[in-house]
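Taking it in order: structure first as structure tokens, then the write-up.
Nothing in this text is a laboratory measurement; each read-out follows from the coordinates by a stated rule. Bear in mind the structure is a predicted one, so any value in this text is a computation, not a measurement. A quick note on method: Cβ atoms are made from the backbone with ideal geometry, for glycine too, and the neighbour counts reach across all protein chains shown.
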Amino acid sequence: MTDHRITGASVSRRAVLAGGGAVAATLALNTSASAETIDRLHFLVGFGAGGGFDQTARGTMEALQKSGLMANVSVENRTGAGGSIAIAHLIETAPRQQNTLMVNGTSIVIRSLSREFNQTFRDVTLVNAITSEIYGVLVAANSPYTDLNQMTEALRGNARAVRLAGGSPRGGIDHMAAAKYAKEAGVQPRAIQYIAYDGGGRALAGLLGGEAQALFMPFTEALPQVRSGQVRLLALMSDKRSPDVPTVPTMGEKGLPKALMYNMRAFMAAPGMAPARVNAFADLMERLIATPAWEEVRARNAWNTFFLRGPALATFFETHEKELRELLTELGFIG
Amino acid sequence: MIEGLLTGLAAVASPANLVLLFGGCLLGTFIGMMPGLGPVTAVSLLIPITYGLSPAGAMILLAAVYYGAMFGGSTASVLINAPGESSSVPTTFDGYPLARNGQAGKALALCAWGSFVGGTIATLMLMLAAPTLSSWAVGFQASEYFALMVLGLTAIAAFTEEGGVIKALLMAVLGLMLATIGTDIADGVERYVFGIPDLSDGLSFVLLAMAAFALSEALIAALRNQRLSEEAKAAARGKVGSLKLSAAEVRDVAPTAVRSSILGFMVGVLPGAGATIAAFMSYAVERNLARGPAKEMFGKGSLRGITAPETANNAAAGGAYVPLLTLGIPGSGTTAVILGALITLGVQPGPRLYIEHAEVFWAVVASMYLGNVILLIINLPLIPYIARTLAIPETMLVPLILFFCLVGVYLVSFNPFDLWLMIALAGVAVVLRLVDYPMAPLLLGFVLGKLMEENLRRALLVHDGSFAFLWERPVTLGLLILSALCVSAPLLKRLKRG
């Protein structure tokens, strides 16, 4: 078994077909009148099984099935090149992907900004945003920092005083989160010490072992460790508290109201899909998030439901891209 | 503890759960046999089915499939030199030569027994020492990982034929170089990608191993076109040979199995290492420990050589449960999927899992154990049938191997680029093999290279660019001294003799 990335990106180059009618699901359903009838749904995940995107797809599949909204749902992991293999596949085979939704989000924005990534979110059809994972600042239980302000002060004194870490490579979203915090705290983002781990699991091991002193990652990924008292969640990079960790303060409460970071997850369809069909998918998802089955899955994973569709979604993506571009420029990752 | 295990066994031994165990082992074995498809695929395939099961039932099914796939991976390694998944790559080193010598039955039986012993010892260690080991695992930091990889590299010596030292070293360096392809996580920079997005994740180990072994082997067989000896060879290969091991053989491999179980388990506990590294390391350790004629046999069909990696990779799979259950940290793709399933079932892994979900913990331990037993019951009788693959004449077997390798690699990523890449790599491998460059050091360098570099750089970052951690951290220093001894011992011996 190969050991690659654990969270947020490809676990390994494995692909999986699961659920009913996986192969059949990719066949086109282009009988003219019934084009808006959706009777099966195929999730395309550009990352490996076990990672964040995969969990979004599988969790949504579970909720769709348990709520009775859709029985015929499948998940396919088409991994490689940070999700771009799946994007390219969706674009190339667009005519026969009428039942397919690809799971992506903040990742596609960062990767198309920072690398020679040929596609952007404009090359696919945006359907709806579904969740938004809020970033948190974590320290080990034995850390001297019990309050975020103590750490902020230490960093203001010396930008390298605290070893910040994350489960994504340099220039990836976890690094962005650390940089955003530093910037808002008045610390030069390029001066901070960022230690990159291969996935959230290894990063947590590094934090528990004392190699990293503070970790920036979606707080839900560390919830087992937070609940068992092995790590302390100092603050959420969000503008409001989370019902899942009600005692944890927000960045705003710690005097850094603009230090926000989240990993938005959205469903995207093949380019050129008929607007009526896109609407039918968005309707389905809007109905889903109101069901008890969704609430069950959401609560268990401590997801933050974040539903947006139509023009509001397009505007959101544009703003998201603008903010991330500024941050990446400041860090020197783009010229 | 005994009551705990008995409760677990009682929970697992219900007829419904036994069906799950049986079905899971069987299904896992078949998925694992497919070149390229391994435990991750098998486990994620079954996730939707676990929704309808109790937490204990779900863990039982997943553990059964996991073990089944680990074993299935070995059969393809032995029979057609195509590792079913990366942790069974070292199994090809001696398993395939054994099958060529008409001892396929014995090789497969050793795989089954090795898996059983490895799994059993790992279960015992998980039961006895999980909490202690988890604190050891998190204490193992970047500098220790680096030193461990250096120790692993000394295994090149183990893959060196007499007089082939330079060739083995060159191939290991080539492997280290290939490992740098892809996105470097410390800097977020792409290296040797040449603007091809398909390369930005680096080369896949399974793809490289299949190109280096199965595909190039099949191509060489086609090139040689030895029509004359064809019938005689088919007859030799068709012989499955006895499954039984003599008492002397058991005595020969027993210490290997115990050593490899312990080593495999300890490496498996580390979230950054895993079953593949465990398998390579135990192979190297056994080769280094062997003396005289036993050492000569390594790479040519040594029973110890097949026992070591087969035992170690199953033990490592058990070891991976330590950080998973006690810290909630998945060490590999498969355990990440299992962690997801646990959380879905409302079980929160962590230091209190023992107390809060004692029934789940013991059910996992019991199901792992029963999974091992059932694996043995299913697979031993199947071996003669599986091994009959070899009786297929080469004119048909070669195209079949080519077909299965290509399909297997395609099913991993659904990316046609991987197929072209594998064919190109196989072409290079054919040339290298024809001029007697060994492939094993290449794979060893590749598998260790990425982790070695990543951890060295992380250690340097953490220690502000100072190399002092190499001698200031006792475990790091100890591992490095051990590496130095491994390299210098044969040289010293030669000096003494000369």
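Looking only at residues of segment A:163-193 that are under 18 Å from A:Leu234 (Cα atoms) and surrounded by fewer than 23 Cβ atoms within 10 Å (Cβ to Cβ), we find that the one that is nearest to the other protein chains (Cβ to nearest Cβ) is A:Arg163.
Rundown of residues vs (1) among the basic types (Lys, Arg); (2) within 14 Å of chain A (Cβ to nearest Cβ); (3) more than 20 Å from the chain's Cα centre (by Cα); (4) surrounded by fewer than 24 Cβ atoms within 10 Å (Cβ to Cβ), yes/no style:
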position: B:Ile49; (1), (2), (3), (4): no, yes, yes, yes
position: B:Gly57; (1), (2), (3), (4): no, no, yes, yes
position: B:Leu62; (1), (2), (3), (4): no, yes, no, no
position: B:Ser88; (1), (2), (3), (4): no, yes, no, no
position: B:Leu98; (1), (2), (3), (4): no, no, no, yes
position: B:Trp136; (1), (2), (3), (4): no, yes, yes, yes
position: B:Leu153; (1), (2), (3), (4): no, no, no, yes
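Residue pairs whose Cβ atoms lie under 8 Å apart, separated by 6 or more positions or on different chains, with the first residue in segment A:274-285 and exposed (fewer than 15 other Cβ atoms within 10 Å of the Cβ) and the second not charged (D, E, K, R), are A:Ala274/A:Ala35; A:Ala276/A:Ala35. If you scan segment B:19-41, which residues turn out to be more than 16 Å from the chain's Cα centre (by Cα), surrounded by fewer than 24 Cβ atoms within 10 Å (Cβ to Cβ) and touching a residue at least 60 places away in the same chain (Cβ under 8 Å)? The answer is B:Phe22, B:Leu26.
On the given criteria, is A:Ala205 touching a strand residue (DSSP E or B) at 6+ places or on another chain (Cβ under 6 Å) and not basic (Lys, Arg)? Answer is no for this residue.
Yes or no, residue by residue, for (1) within 14 Å of chain A (Cβ to nearest Cβ); (2) in contact with a Gly (Cβ under 9 Å, 6 or more places away or on another chain); (3) not small (Gly, Ala, Ser):
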| site | (1), (2), (3) |
| --- | --- |
| B:Val407 | yes, yes, yes |
| B:Tyr410 | yes, yes, yes |
| B:Phe417 | yes, yes, yes |
| B:Met422 | yes, no, yes |
| B:Val430 | no, no, yes |
| B:Gly449 | yes, yes, no |
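Step by step: first the residues of segment B:184-208, then only those that are at the interface with another protein chain (Cβ under 7 Å from one of its Cβ atoms), in a loop (DSSP other than H, G, I, E, B) and touching a residue at least 40 places away in the same chain (Cβ under 8 Å), then the one that is surrounded by the fewest Cβ atoms within 10 Å (Cβ to Cβ). Which residue is that? Looking at the filtered set, the residue picked out is B:Ala186. Checking the condition crowded, with 24+ Cβ neighbours inside 10 Å and more than 9 Å from chain A (Cβ to nearest Cβ), which residue from B:Ala179, B:Ala212, B:Ala129, B:Ala142 passes? From the options B:Ala179, B:Ala212, B:Ala129, B:Ala142, the qualifying one is B:Ala212. Scanning segment A:89-108 for residues that are away from chain B (no Cβ under 14 Å) and of a type in the set (Gly, Ala, Ser) yields A:Ala94, A:Gly105. When B:Ala308, B:Ala312 are checked against the criterion of being buried (at least 21 other Cβ atoms within 10 Å of the Cβ) and within 14 Å of another protein chain (Cβ to nearest Cβ), a single residue qualifies: B:Ala312.
Conditions (1) under 17 Å from B:Pro35 (Cβ atoms); (2) surrounded by fewer than 17 Cβ atoms within 10 Å (Cβ to Cβ), marked per residue:
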| position | (1), (2) |
| --- | --- |
| B:Cys405 | yes, no |
| B:Tyr410 | yes, yes |
| B:Ser413 | yes, no |
| B:Met422 | yes, no |
| B:Pro441 | no, no |
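Checking A:Leu233, A:Leu223, A:Leu204 one by one, the residue that is within 9 Å of chain B (Cβ to nearest Cβ), surrounded by fewer than 23 Cβ atoms within 10 Å (Cβ to Cβ) and within 20 Å of the chain's Cα centre (by Cα) is A:Leu223 and no other.
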